């Protein structure tokens with residue numbers, strides 16, 4: 001169960017992390033390098049504006065190359081390191097991105113947002129020591145910023161420092177009561193401690209403060225994000241299942257849209273509910289229906305193999321395993337799935 005909770009924490013964190021990063025980073029760059037000579041500033045700001053308005057996540061390399069040229073030309077321009085770091089984050093090159101952010105901070109430590117960005121990047125890598133260092137620096141420069149404290153709590157959760165995590169989340173809410181993510185963090189904390197009733201109370205508060213912007217069931221706050229709302233509904237279902245209420249959990253997940261219900265993480269939660277109810281065949285059928293929509297989805301095929309095997313339908317499980325081999329015979333998960341059939345074929 002702990003792995004599921006950790007996965008949900010990371011999913012929530014990722015959704016929170018990327019919201020507004022580009023705009024805040026652009027502002028930081030323009031503030032910190034305002035005194036640089038005109039030519040350097042103009043090149044930096046022009047590249048930043050181009051990146052903000054015309055960036056293509058599928059084709060970042062040309063912009064990354066231009067940012068590298070700018071860093072090489074002006075190695076003391078802290079904003080150039082920040083911009084390159086942001087682009088590398090977009091390209092999922094987290095370690096290199098952190099290095100660039102840290103180079104900017106070596107040139108100018110008093111950049112609270114960049115300290116925060118570096119801390120979040122370190123957290124995503126799993127470097128909790130660096131994450132704590134950078135985010136604590138951000139808090140020291142902007143002590144009333146609730147979002148900084150929210151992410152410091154994520155560091156404490158990673159370190160299993162539960163009292164510190166709880167205190168920091170409560171501080172975050174004290175400074176910013178709209179932080180639904182803090183209620184979600186408290187829910188994660190209580191879930192890790194197996195305090196399911198308290199965890200449910202907090203995830204309900206997170207849901208209430210985060211509208212379903214797709215037009216479905218809404219919470220009470222404005223300005224929420226539908227992605228967060230879906231994650232919180234899945235977390236609530238997870239907690240209900242852990243509390244041995246699979247029927248209630250299924251009803252929660254039925255409130256999601258058809259597209260959201262075929263998300264692999266949601267599918268897995270629904271399947272686990274069926275398994276708890278003694279209905280592995282329905283879990284397998286669920287994956288069959290999803291594969292009609294997304295027949296080449298690796299995660300769904302993996303789930304279909306596992307749940308057909310659990311339901312005793314070995315032929316169907318092997319059929320989906322063959323489909324996985326056709327997609328990519330080198331997938332690491334294939335060897336794990338093949339072990340399921342060792343005893344079956346004897």
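The values are calculated or read from the model by the stated rules, or taken from the named source; none is laboratory data. Computed from a predicted structure; not experimentally measured. Here the Cβ is made from the backbone with ideal geometry for all residues, glycine too, and neighbour counts use every protein chain on show.
Listing for the model above:
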{"quantity": "Test: residue in the stretch 157-165 that is surrounded by fewer than 23 Cβ atoms within 10 Å (Cβ to Cβ), modelled with pLDDT of 95 or more and farther than 22 Å from residue 138 by Cα", "calculated": "no"}
{"quantity": "Where residue 41 falls short, out of the listed (1) at pLDDT 90 or above; (2) surrounded by 12 or more Cβ atoms within 10 Å (Cβ to Cβ)", "calculated": "(1)"}
{"quantity": "Output for the stretch 89-103, where each listed residue is buried (at least 23 other Cβ atoms within 10 Å of the Cβ) and at pLDDT below 95", "calculated": "89"}
{"quantity": "Complete set of residues in the stretch 63-104 that are more than 20 Å from residue 52 (Cα to Cα) and not in a helix (DSSP H, G or I)", "calculated": "74, 75, 76"}
{"quantity": "Close pairs (6 angstrom Cβ cut-off, 6 or more residues apart or separate chains): farther than 16 Å from residue 79 by Cβ in the stretch 91-112, not in a helix (DSSP H, G or I) anywhere", "calculated": "91/60"}
{"quantity": "Exclusive hit being buried (at least 18 other Cβ atoms within 10 Å of the Cβ), touching a helix residue (DSSP H, G or I) at 6+ places or on another chain (Cβ under 6 Å) and modelled with pLDDT under 95, set 168, 210", "calculated": "210"}
{"quantity": "Any hit, the stretch 235-255, residues being touching a residue at least 40 places away in the same chain (Cβ under 8 Å), surrounded by fewer than 17 Cβ atoms within 10 Å (Cβ to Cβ) and touching a helix residue (DSSP H, G or I) at 6+ places or on another chain (Cβ under 8 Å)", "calculated": "yes"}
{"quantity": "Residue, nearest to residue 283 (Cα to Cα), within the stretch 311-322, restricted to residues that are buried (at least 17 other Cβ atoms within 10 Å of the Cβ) and in contact with a helix residue (DSSP H, G or I) (Cβ under 6 Å, 6 or more places away or on another chain)", "calculated": "311"}
